[in-house]
Amino acid sequence: MKHWETINSTILVNDAWLRLTADTCLIPNGQTITPYYVLHEADWVHVFAQADDGRILTVKQFRYAAKTVCIELPGGVIDKGETPLCAAQRELLEETGYTAAHWQPLGKMYANPARQTNTIHLFFATGLKLKARQQLDASEDIEFNFLSLTQIQQKIETNEFSQALHIASFYRALQSLTLNTNK
């Protein structure tokens, strides 16, 4: 499959959170598309943190753009110079106060490869211990809770666990764990 060629790229927004470009692209059939907007963001992490009793550690927070409260997996942005694993460990601690003794990478996936450049790195964490209080950013108001796999699936059905990327990470983690159990 042939790739698109970038003829020109104009930066429209460039700050600490994101870079937005308006690109001019030459596509394989010879047509030019302009503008083609691309959102450049840092990679993210999601943590599928499982307690000894099998329940999953979740976070609940208000999401401004959708004006709704979402239940999600712990996670966030990978800071510049930080490894995905270090970001996952930091985000779990900051959002919940928990640490994990064992970490397993479960792969990565694109957030939205049609318009965004970033990927989501998924980790499975076990051996959870409450080590500290939450260390939230000024814009964060996060509650955390442990939910069973069935409860999360029910909350997906009722749109309480409603972020598509977190749903994808949840099911990818379940699939990875099932595959590893059946080996």
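Observations on the model:
Residue by residue, here is whether (1) touching a Leu at 6+ places or on another chain (Cβ under 7 Å); (2) assigned to a helix (DSSP H, G or I) holds:
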{"residue": "3", "(1), (2)": "no, no"}
{"residue": "10", "(1), (2)": "no, no"}
{"residue": "21", "(1), (2)": "yes, no"}
{"residue": "25", "(1), (2)": "no, no"}
{"residue": "36", "(1), (2)": "no, no"}
{"residue": "71", "(1), (2)": "no, no"}
{"residue": "85", "(1), (2)": "no, yes"}
{"residue": "93", "(1), (2)": "no, yes"}
{"residue": "100", "(1), (2)": "yes, no"}
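- Neighbours by Cβ (under 9 Å, 6+ apart or cross-chain): first from segment 38-63, within 14 Å of residue 88 (Cα to Cα) and open to solvent by 40 Å² or more (accessible area, probe 1.4 Å); second assigned to a strand (DSSP E or B) and of a type in the set (Lys, Arg): 43/108
- Looking across segment 131-158, the residues that are charged (D, E, K, R), surrounded by 12 or more Cβ atoms within 10 Å (Cβ to Cβ) and not in a loop (DSSP other than H, G, I, E, B) come down to 143, 155.
- Qualifying residue in segment 38-51 (condition: modelled with pLDDT of 95 or more, farther than 26 Å from residue 162 by Cα and among the charged types (D, E, K, R)): no
- Residue in segment 81-102 that is among the charged types (D, E, K, R) and either buried (at least 21 other Cβ atoms within 10 Å of the Cβ) or in contact with a His (Cβ under 9 Å, 6 or more places away or on another chain) (or both) present: yes
- You will find that of 82, 157, the residue that is closer than 30 Å to residue 23 by Cβ and without any contact (Cβ under 8 Å) to a residue 12 or more places away in the chain is 82 and no other.
- Evaluation of residue 164 against the conditions (1) out of contact with any strand residue (DSSP E or B) (no Cβ under 7 Å at 6 or more places or on another chain); (2) aliphatic (A, V, I, L, M); (3) open to solvent by 70 Å² or more (accessible area, probe 1.4 Å); (4) over 26 Å from residue 18 (Cβ atoms) shows that the sole unmet condition is (4).
The values are calculated or read from the model by the stated rules, or taken from the named source; none is laboratory data. In this text the structure is predicted, and so the values were computed from the model without any measurement. Because the Cβ atoms are built from the backbone with ideal geometry, glycine has one as well, and the counts that use them run over all protein chains shown. Keep in mind that these areas ignore ligands, DNA and RNA; they rest on the heavy atoms of the full protein, side chains included. Shrake-Rupley method; radii C 1.70, N 1.55, O 1.52, S 1.80 Å.
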